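Taking it in order: structure first as structure tokens, then the write-up.
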Amino acid sequence: AFPLKDCARCHHVKEIVYKVKATGTTNFSHKKHLTSTPDCGTCHPKLFAAGKNKSVSMAEMERGKSCGACHNGTKAFGIDKCTACHPTRDRNYAVKGAGNVHFRHGQHIGKYSCSSCHTKLYGISGNRSAKAVNMKAMEKGKSCGACHDGKQAFTVKQNCATCHKAK
């Protein structure tokens, strides 16, 4: 026979999809986790009940709750690796008279952590409901201008065509 800790040999495990309002759908893969940690008792019932569980905030995870018990940067990648679980989407902004602006998360994620902008400059959902920020405000350090100041990255006063794809 096999040990009782090999629950998945008899009990059906499924892939779980969490609907996170602020960041979008987040997937949890039992299959991936069982490959590295085949003992279901590592998580159940210590961290999670079998079935539906109460939502846990990122702050609680940082204190070792839920996924944060293992995803602490020692046992597994830290929860500061946001894109390992949360999807990113590029953003398009229609700028009247100046061409559309296409923001690429991928270009920024390689150089900066998500927390560099979220929630310091933008809400978690990407500031979509906030008022548009004009170039004068950016030149004073608002929005993109917080980094695009000529010191950390090219200044918003130059290279207009980098962001504005005007015809």
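A count restricted to region 65-99 and to residues that are in a loop (DSSP other than H, G, I, E, B) and within 30 Å of Lys165 (Cβ to Cβ) stands at 11.
Would you confirm whether any residue within region 4-22 is of a type in the set (Val, Ile, Thr) and under 18 Å from Ala76 (Cα atoms)? No, that holds for no residue.
Kindly check whether there is at least one residue in region 77-87 that is open to solvent by less than 30 Å² (accessible area, probe 1.4 Å), at pLDDT below 85 and either under 30 Å from Gly41 (Cα atoms) or within 18 Å of the chain's Cα centre (by Cα) (or both). No, there is no match, as no residue in region 77-87 is open to solvent by less than 30 Å² (accessible area, probe 1.4 Å), at pLDDT below 85 and either under 30 Å from Gly41 (Cα atoms) or within 18 Å of the chain's Cα centre (by Cα) (or both).
So that you can scan it fast, the table gives a plain yes or no per residue for (1) more than 24 Å from Val20 (Cα to Cα); (2) small (Gly, Ala, Ser):
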| position | (1), (2) |
| --- | --- |
| Asp90 | no, no |
| Ala94 | yes, yes |
| Ser116 | no, yes |
| Asp149 | yes, no |
| Phe154 | yes, no |
| Gln158 | yes, no |
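Taking residues in region 17-41 that are over 30 Å from Gly123 (Cα atoms), and partners anywhere that are in a helix (DSSP H, G or I) and open to solvent by 30 Å² or more (accessible area, probe 1.4 Å), the pairs with Cβ atoms closer than 7 Å and at least 6 places apart or on different chains are Leu34/Ala8; Cys40/Cys7; Cys40/Ala8.
Restricting region 56-73 to residues that are buried (at least 16 other Cβ atoms within 10 Å of the Cβ) and within 18 Å of Lys19 (Cα to Cα) leaves a set whose member that is modelled with the lowest pLDDT is Met58.
Of note, Val95 does not satisfy the criterion of being touching a residue at least 40 places away in the same chain (Cβ under 8 Å), touching a helix residue (DSSP H, G or I) at 6+ places or on another chain (Cβ under 8 Å), open to solvent by less than 60 Å² (accessible area, probe 1.4 Å) and over 19 Å from Thr25 (Cα atoms). Among residues belonging to region 14-55 that are open to solvent by 100 Å² or more (accessible area, probe 1.4 Å) and part of a strand (DSSP E or B), point out the one that is nearest to Pro87 (Cα to Cα). That would be Asn27.
The values are calculated or read from the model by the stated rules, or taken from the named source; none is laboratory data. Here the structure is a predicted model, which is why all the values come from computation and not from measurement. Neighbour counts run over all protein chains shown; Cβ positions are idealised from the backbone, glycine included. The accessibility values were calculated without ligands, DNA or RNA, using every heavy atom of the protein model including side chains. Shrake-Rupley method; radii C 1.70, N 1.55, O 1.52, S 1.80 Å.
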